[in-house]
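Data block below; observations after.
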Amino acid sequence: MTTRVHLGSSSLEVSRIVLGGNVFGWTADRGASYEILDSYVARGGNSIDIADAYPYWAPGCSGGESEEIVGDWMRARGNRADVVIATKVGRFPDNHGLTRAQITAGLQGSLKRLGTDYIDLYYCHSDDLDTPLEETLTTLTEYVDAGVIRAIAASNYSVTRLAEALAISNAQGLARFCALQPHYSLMVRHEYEGAMLDLCAREGLACLPYFPLAAGFLTGKYRSADVGDSARAAHVTRHLTDRGWRVLAALDTVAARQDSSPTTVALAWLVAQPTVAAPIVSVSRADQLTAVMSSIDLRLTTRDCEELATASDPGHPGGGI
């Protein structure tokens, strides 16, 4: 399987697994974060996904800590030109929105924390319904033209608003979203499959799903309703349904047949889906990357894919999403 893929119409080329940095400064301290980053790059990875707000929710954090850790790591390794940095604007605790002023402030903050003079992929973290799309896109275009941003992307947009933004870019010659970051996994299919997937396919947008392992549920780590004191407990408990157990059973079956693991199989299924360029995967320990990066080379059979699709079908008896 190809280990690099272009992101839509941009010149950016990323590995088939993007490393999620939302755990840096949260469940992975600075030392663990460096180990994860080093191991990821050593395994052929080249793209890191963060946001100006990460991890504001963690005790003692106020946002920006993940960018600072990645920035310090790049300076220590001298490898800025070798990695594709994706970060986001619009959800920083004191800078919520996508006005010209908010984008400018967010971008300046990210550049400072990352210790760089350009961002490879800059996401609108979520849609801002109170700001005209033209204002957002015009502002981003100015920074693209200035070389401060290489490409732009969207996250958490509705089909209607994403289509409208693309139409405005096309009509006015503005910078155009080259990728979308949606919530998508074997456990959450309805938000992307259908109209959104069709739009991305039609408009040539690359899909980079977040929560591809359903906050760890698809690793098989959680086998009962007791999730303990997991930092992701609130996200995991929603999957503790008949459908969730059915999906885990299917993952176990396919993993045994492939001599693999549920983690690897779940990611391999996602990588094989139409328009998906690279799932964004977070780990809290470097050793967890073995199963994650193995998904790039795992080739699921038609039978494997059919069993997983059937088990995870939102319309299958048992309900769920």
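The values are calculated or read from the model by the stated rules, or taken from the named source; none is laboratory data. The shown structure was predicted, so the numbers you read here are calculated from the model rather than taken from an experiment. For neighbour counting, all protein chains shown are included, and Cβ atoms are generated from backbone atoms with ideal geometry for every residue, glycine included.
Residues in the range 20-37 that are surrounded by fewer than 18 Cβ atoms within 10 Å (Cβ to Cβ) and either in contact with a Ser or Thr (Cβ under 8 Å, 6 or more places away or on another chain) or within 26 Å of His6 (Cβ to Cβ) (or both): Ala32 alone. The lone criterion from (1) more than 30 Å from Ser33 (Cβ to Cβ); (2) in a loop (DSSP other than H, G, I, E, B); (3) within 24 Å of the chain's Cα centre (by Cα) left unmet by Ala309 is number (2). Residue-level check: of (1) closer than 24 Å to Ala154 by Cα; (2) touching a residue at least 24 places away in the same chain (Cβ under 8 Å); (3) out of contact with any His (no Cβ under 8 Å at 6 or more places or on another chain); (4) surrounded by fewer than 16 Cβ atoms within 10 Å (Cβ to Cβ), Leu111 misses just (4). Scanning the range 137-170 for residues that are small (Gly, Ala, Ser), out of contact with any Ser or Thr (no Cβ under 6 Å at 6 or more places or on another chain) and under 17 Å from Thr116 (Cα atoms) turns up Ala146, Gly147. (1) more than 30 Å from Met74 (Cα to Cα); (2) assigned to a loop (DSSP other than H, G, I, E, B): which one isn't true of Thr116, the others all being true? The failed condition is (1).
The rows are residues; the columns are (1) in contact (Cβ under 8 Å) with a residue 24 or more places away in the chain; (2) outside any helix (DSSP H, G or I).
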residue: Val144; (1), (2): yes, no
residue: Leu166; (1), (2): yes, no
residue: Asn170; (1), (2): no, no
residue: His190; (1), (2): yes, yes
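Suppose the filter is within 20 Å of Thr131 (Cα to Cα), among the acidic types (Asp, Glu) and not in a strand (DSSP E or B); does Asp72 pass it? Spelling it out, it is not the case that Asp72 is within 20 Å of Thr131 (Cα to Cα), among the acidic types (Asp, Glu) and not in a strand (DSSP E or B).
In the set (1) within 28 Å of Glu35 (Cα to Cα); (2) part of a loop (DSSP other than H, G, I, E, B); (3) at pLDDT 95 or above, Leu300 fails one condition alone, (1). Of all strands (runs of 3 or more DSSP E) completely enclosed by the range 1-67, which ones contain at least 1 residues that are in contact (Cβ under 8 Å) with a residue 40 or more places away in the chain and among the aliphatic types (A, V, I, L, M)? Result: 4-6, 13-15, 18-20. If the condition is being farther than 16 Å from Asp127 by Cα and surrounded by 15 or more Cβ atoms within 10 Å (Cβ to Cβ), then the range 155-174 contributes only Leu174.
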